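A quick write-up on the structure given underneath.
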Amino acid sequence: MKTIIRKIQKSDNQFLAKIIRSCFHDFNVSTKGTVYEDPTTDHLCELFEAENAVLFVSEVDGELCGCCGIFPTDGLPEHCAELVKFYIAKDSRGKGLGKMLMEESIAFAKNQGFKSIYIESLPEFSTAVSIYEKQGFTYLEKPLGNSGHCGCNLWMIKHL
């Protein structure tokens with residue numbers, strides 16, 4: 001099994017959007033006010049052309065399996081970025097790909113000079129939430145920034 005972690009390419013857009021949306025169905029999560037309905041989900045490569053942003057993808061034996069990135073979301077505190085688009089395809093979960101993608105994203109944030117990383121999620125994504133906890137994220141009482149994803153009700157932060 002050959003695993004590659006690399007930056008997103010335009011040819012990845014359609015497949016990553018499918019992975020992201022399928023996760024909502026896999027975990028029976030409401031899509032209202034989430035990335036599922038966000039039109040940028042179909043144009044991730046273009047979205048992540050923003051300064052200080054990156055979206056890493058995992059590829060196993062040539063097949064896309066998931067993604068995770070860093071984005072300087074509007075309205076966040078100074079030197080804070082958001083960890084975003086952390087989704088793994090159903091058949092690829094439980095193999096350590098999520099941890100690899102998250103650690104690559106955290107390293108990128110540190111290298112860009114960010115001092116903290118913010119996450120928005122949902123309790124239904126309990127596997128991801130447990131990874132956040134293991135990576136040192138702590139809970140917040142309210143959201144930060146202006147992600148536009150009002151459907152999320154779990155907020156966490158990690159100080160780098």
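The values are calculated or read from the model by the stated rules, or taken from the named source; none is laboratory data. Because the structure is a prediction, the values reported are computed rather than measured. Cβ: placed from backbone, ideal geometry, glycine included. Neighbour counts: every protein chain shown.
Across segment 4-17, the qualifying residues are those that are more than 17 Å from residue 102 (Cα to Cα) and not aliphatic (A, V, I, L, M), and the one among them that is surrounded by the most Cβ atoms within 10 Å (Cβ to Cβ) is 12. Restricting attention to segment 42-64, the residues that are without any contact (Cβ under 8 Å) to a residue 40 or more places away in the chain and under 15 Å from the mean Cα position of the chain (by Cα) total 5. For segment 147-160, which residues satisfy the criterion of being modelled with pLDDT under 85 and either among the polar types (S, T, N, Q) or touching a Phe, Trp or Tyr at 6+ places or on another chain (Cβ under 9 Å) (or both)? Listed by number, the residues that qualify are 147, 151.
Okay, residues lined up against (1) at pLDDT 95 or above; (2) touching a Cys at 6+ places or on another chain (Cβ under 8 Å); (3) under 22 Å from residue 129 (Cβ atoms):
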site: 8; (1), (2), (3): yes, yes, no
site: 14; (1), (2), (3): yes, no, no
site: 48; (1), (2), (3): yes, no, no
site: 82; (1), (2), (3): yes, no, yes
site: 93; (1), (2), (3): no, no, yes
site: 114; (1), (2), (3): yes, yes, yes
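If you filter segment 1-58 down to residues that are among the charged types (D, E, K, R) and in contact with a Lys or Arg (Cβ under 9 Å, 6 or more places away or on another chain), you find that the one that is nearest to residue 106 (Cα to Cα) is 46.
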